[in-house]
Amino acid sequence: MAKRQEPQTQTTTAIYTCPFCFSSVDLKDIHYQCTNPACTKMFLRELDEKGGRKYKSKNIEEEIDIENSIFLGKDPAGPSPVTTKYHIMRHSSGTCDICKKPVYKRLCPSCHNPIPQGAEEEGSNVFVLLGPKGVGKSHYIAVLINQLRNSFSPEFGATMSPATDRTTLKYRDMYYKRLYEEGRKLAPTQSFEESRESREPMIYYLRFLEGDSPRVYTLAFFDTAGEDLDSTGKMMGLNLNSFISRASGIVFLVDPLQIPYINTRIRMDNKPPAGGNVANMLSDITNIIRTNNALKMKDQIQIPLAVVLTKADVLMKAPENDEESSILFGMNSSLYIEREKGKYDRTNFEQISAEIEEYMRRAVSKGFVQTVKEFKEHSYFAVSALGSNPTGSVLSRGISPMRVEDPFIWLLNCESLEERRR
């Protein structure tokens, strides 16, 4: 029988970045939740006796979670606040104030989402995905999660599990069912201004428990609408600057069909119009990181950056003319060289990065490449989430992902993450 774990006592200050609300949390000031539903009933009975209404809900067995209600954009005093049948302690004693027993479920004091065991040792390594509207973020996230769970994890001896039931339901209902079961494209992501639900990321814990040095990573899949990243002012107004500037790694997605240089040369059916300037968007993101982290212009940014060219399958066909051949990847491309399985294939990634960097210098601009170099650790990738162009909204050829996990393999092996762990 496993030895019962006593509540952890904080003897030193440990700062944890919540992957839900991106608050900096002092782990000696966290909240707790008792998993005995009887405590909630007793707590609500005491509220009746004292005449208190603040935490009392319409359900006599559930109390109002004010902090989580506010996080999800719901009025705690309104008709539909977030409620819970498990009593919340808004203090860090680690003991239930009703049953007086030790409690182990820890909550972020700002949003009341869970803080995992091991946060003191591992902290919170949060990776975020960014990119303009129509770049394919939703499809990339949906396929990446599936690949990380079913291919990457067994290959590298890892386990990947959702942090909350809400993550499980959100991925199943909004991504997996439509894409994998119904075989249809995903609907466009709603702006933060239109849907508060968009503000809640899907959180997974990626655990490597084999070997001499177990590791735990927090993956926050934040499916931001492209229009929310249109300007520095908008990102600041929606508080996106917090999670961008505190990220442990950034995946910046670029759709080749949105690049005018490529768009005007490629021949394909139902070609979309060229998009906005990705160089300007990356520059805005860079400026936000510098401002929030008080970095001088001469300082390199310490957050690793993976620049990912999406929908690479459209660039790997046979050219129809000389103009098209100038923007396609030929058979000699490093993208056709498979990475070595079960290990970090640094040589393969460096070959691909060098090729895509030169491609982006030519297709986007030298200025874009210079902005990327402001990040101390950076690398370029080319991926395809779906593997082929959909027919309308239908995935007529199914899903055949290409190298979608490469950016995360690289991020997990960056020097900055190793330094955090030490």
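Residue-by-condition table, conditions (1) small (Gly, Ala, Ser); (2) open to solvent by 10 Å² or more (accessible area, probe 1.4 Å); (3) within 20 Å of LYS317 (Cβ to Cβ):
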| position | (1), (2), (3) |
| --- | --- |
| TYR336 | no, yes, yes |
| GLY342 | yes, yes, no |
| ASP345 | no, yes, no |
| GLN351 | no, yes, no |
| ILE356 | no, no, yes |
| ARG361 | no, yes, no |
| VAL369 | no, no, no |
**Asked** Taking the range 73-97, which residues are without any contact (Cβ under 8 Å) to a residue 60 or more places away in the chain, hydroxyl-bearing (Ser, Thr, Tyr) and not in a loop (DSSP other than H, G, I, E, B)?
**Response** THR83, THR84
**Message:** Please verify whether SER388 is outside any strand (DSSP E or B), open to solvent by less than 30 Å² (accessible area, probe 1.4 Å) and within 27 Å of SER416 (Cα to Cα), treating the condition exactly as stated.
**Reply:** no
**Prompt:** Mind checking which residues of the range 371-385 are open to solvent by 30 Å² or more (accessible area, probe 1.4 Å) and under 22 Å from TYR344 (Cβ atoms)?
**Reply:** LYS376, GLU377, HIS378
**Asked** In the range 366-381, which residues are without any contact (Cβ under 8 Å) to a residue 24 or more places away in the chain and closer than 19 Å to LYS296 by Cβ?
**Response** GLN370, LYS373
**Asked** Of all residues in the range 38-69, which are over 14 Å from ARG90 (Cβ atoms) and open to solvent by 60 Å² or more (accessible area, probe 1.4 Å)?
**Response** LYS41, MET42, ARG45, GLU46, ASP48, GLU49, LYS50, ARG53, LYS58, ASN59, ILE60, GLU61
**Asked** If you go through the range 168-187, how many residues are farther than 27 Å from VAL254 by Cβ and in a helix (DSSP H, G or I)?
**Response** 6
**Item:** Condition check for GLY275: assigned to a loop (DSSP other than H, G, I, E, B) and crowded, with 17+ Cβ neighbours inside 10 Å
**Value:** yes
**Given (1) crowded, with 16+ Cβ neighbours inside 10 Å; (2) out of contact with any strand residue (DSSP E or B) (no Cβ under 7 Å at 6 or more places or on another chain), index of the condition ALA158 fails** = (2)
**Message:** Yes or no: the range 299-306 includes at least one residue that is without any contact (Cβ under 8 Å) to a residue 60 or more places away in the chain and either part of a loop (DSSP other than H, G, I, E, B) or more than 19 Å from the chain's Cα centre (by Cα) (or both).
**Reply:** yes
**Message:** I'd like to know if the range 351-368 contains one or more residues that are farther than 22 Å from LEU144 by Cα and part of a loop (DSSP other than H, G, I, E, B).
**Reply:** yes
**Prompt:** Can THR224 be described as under 15 Å from the mean Cα position of the chain (by Cα), in a loop (DSSP other than H, G, I, E, B), surrounded by fewer than 22 Cβ atoms within 10 Å (Cβ to Cβ) and modelled with pLDDT under 80?
**Reply:** no
**Request:** Would you be able to say whether some residue in the range 100-108 is under 30 Å from LEU209 (Cα atoms), among the aromatic types (Phe, Trp, Tyr) and touching a residue at least 40 places away in the same chain (Cβ under 8 Å)?
**Result:** yes
**Request:** Scan the range 133-150 and report the pairs whose first residue is farther than 17 Å from VAL394 by Cα and whose second residue is open to solvent by 30 Å² or more (accessible area, probe 1.4 Å) and part of a helix (DSSP H, G or I), with Cβ atoms within less than 8 Å and a gap of 6+ or a chain change.
**Result:** LYS133/GLU227; ASN146/TYR176; ASN146/TYR180
**Item:** Top-ranked residue in the range 304-324 [being closer than 19 Å to SER388 by Cα and out of contact with any strand residue (DSSP E or B) (no Cβ under 7 Å at 6 or more places or on another chain); ranked as surrounded by the most Cβ atoms within 10 Å (Cβ to Cβ)]
**Value:** LEU315
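The values are calculated or read from the model by the stated rules, or taken from the named source; none is laboratory data. If you're wondering where the values come from, they're calculated on a predicted model, not measured in any experiment. Neighbour counts run over all protein chains shown; Cβ positions are idealised from the backbone, glycine included. We work out accessible area using only protein heavy atoms, side chains counted, and drop any ligands, DNA or RNA first. Shrake-Rupley method; radii C 1.70, N 1.55, O 1.52, S 1.80 Å.
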